Amino acid sequence: MFEQKPIQEVLTQLETEVLHGLTKETVEAHLLQFGPNVFEEKKPKTRLQMFLSQLRDPMIYILFAAVIVSVVLKEFSDAFIIVAVILLNATIGTIQESKAEKSLEALKKLSSPVALVRREGLPMEVPAADLVPGDIVLLEAGRIVPADLRLISTVNLKIEESALTGESVPVEKDADFVAAGDVALGDRINMAFLSTHVAYGRGEGIVVATGMKTEIGKIAQLINESIDEMTPLQRRLADLGKVLGILALGLCIALFALAVLQGRDLGEMLLTAISLAVAAIPEGLPAVVTIVLALGVQRMVKVHTIIRKLPAVETLGSVSIVCSDKTGTLTQNKMTVTRIYFDGQELSSDEAAYGPNKALLD
């Protein structure tokens, strides 16, 4: 919308001035009206909620049933072992999820930028969370754009927008451009968007959107509204739990019916049937799966990858093809020479950095 409006119209609408910026009173009023420049997040889970979420699994439900039956049959050692397995499974999952949440929180703190703004005629640095619509933001190479801006001046300004649009090269901006109608996000060359990086030049812009109303904020909203789906491993374990439950129940019914036909002691045969059904349940399977996934998480940690939930490791292992629309979205947007073939020899870039072939890398 703002990309279709001239600069003066935007200044008038947001009640601000280029050389003076907003006053302290106006900033406070806008903060009350628009809220802070932060993303809304789901209320974080407590440790107890994390722990209980680990128990929501058909296989675990069957194990709980096995515990009850074992207690009824006075097989207390079996009941203790099964309970220990359930607690181990839930504890490992809770510890991993808690570690991942702490790591993500640390990353958020590191990525929280400050903004250089002009308020009451003076340039000053303020936390990006305190920006409001109407603020005049000063941009220079190396800074992160702290909100969605309608640019009002640009001097050779180029902004790297791959995180938002997938465009692999910095986009050259022009504050004097006015869109004639609806244009794609990547073609709004008079706008700068939250979380993109200034690669070259300098400029100034008016804050037109903050927090969840920014383009990145709209993506964050979609993520918050997404529904957690079961991973392939979770689906297979759930199917296995259902099959084992049906087989165990069928075994109980079949043995009890056979006892009735043979005229055996019904109480004794009922206990026997239930005991066989409990014995058919692999109580060690959840613990083995959890331990294997935890080992996978530790291997991912060594390559600087954060895994929030254990089953995600198996999901990553199931991926055979990754489709990406543009270079730079999933990479560092850099091309580096690693091997050189010259004069009948194949050399690494390190080897070529010395000796007579050094000129190749210059």
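The values are calculated or read from the model by the stated rules, or taken from the named source; none is laboratory data. Predicted, not measured: the structure shown is a model, and the values here were computed from it. Every residue, glycine as well, gets a Cβ built from its backbone with ideal geometry; the counts of neighbours run over all protein chains shown. Areas reflect the complete protein model, heavy atoms only, side chains present, ligands, DNA and RNA absent. Shrake-Rupley method; radii C 1.70, N 1.55, O 1.52, S 1.80 Å.
Quick one: would you say Ile340 is of a type in the set (Val, Ile, Thr), open to solvent by less than 40 Å² (accessible area, probe 1.4 Å), at pLDDT 65 or above and touching a strand residue (DSSP E or B) at 6+ places or on another chain (Cβ under 6 Å)? Answer is yes for this residue. In summary, no helices (runs of 4 or more DSSP H) completely within the stretch 1-81 bear 1 or more residues that are open to solvent by 90 Å² or more (accessible area, probe 1.4 Å), farther than 30 Å from Leu244 by Cβ and in contact with a Pro (Cβ under 6 Å, 6 or more places away or on another chain).
Mind checking which residues of the stretch 178-198 are touching a residue at least 24 places away in the same chain (Cβ under 8 Å) and surrounded by 16 or more Cβ atoms within 10 Å (Cβ to Cβ)? Across the stretch 178-198, the qualifying residues are Ala179, Arg188, Asn190, Met191, Ala192, Phe193, Leu194, Ser195, Thr196, His197, Val198. Of Leu237, Leu247, Leu251, Leu258, all but one fail to be in a helix (DSSP H, G or I), surrounded by 12 or more Cβ atoms within 10 Å (Cβ to Cβ) and without any contact (Cβ under 8 Å) to a residue 12 or more places away in the chain; the exception is Leu258. Checking the stated criteria, Ala90 turns out not to satisfy the condition of being surrounded by 15 or more Cβ atoms within 10 Å (Cβ to Cβ), modelled with pLDDT under 80 and either small (Gly, Ala, Ser) or in contact with a Cys (Cβ under 9 Å, 6 or more places away or on another chain) (or both).
The set of residues from the stretch 175-190 being within 20 Å of Ile7 (Cβ to Cβ) and either touching a strand residue (DSSP E or B) at 6+ places or on another chain (Cβ under 6 Å) or of a type in the set (Gly, Ala, Ser) (or both) comprises Ala175, Ala179, Ala180, Gly181, Asn190.
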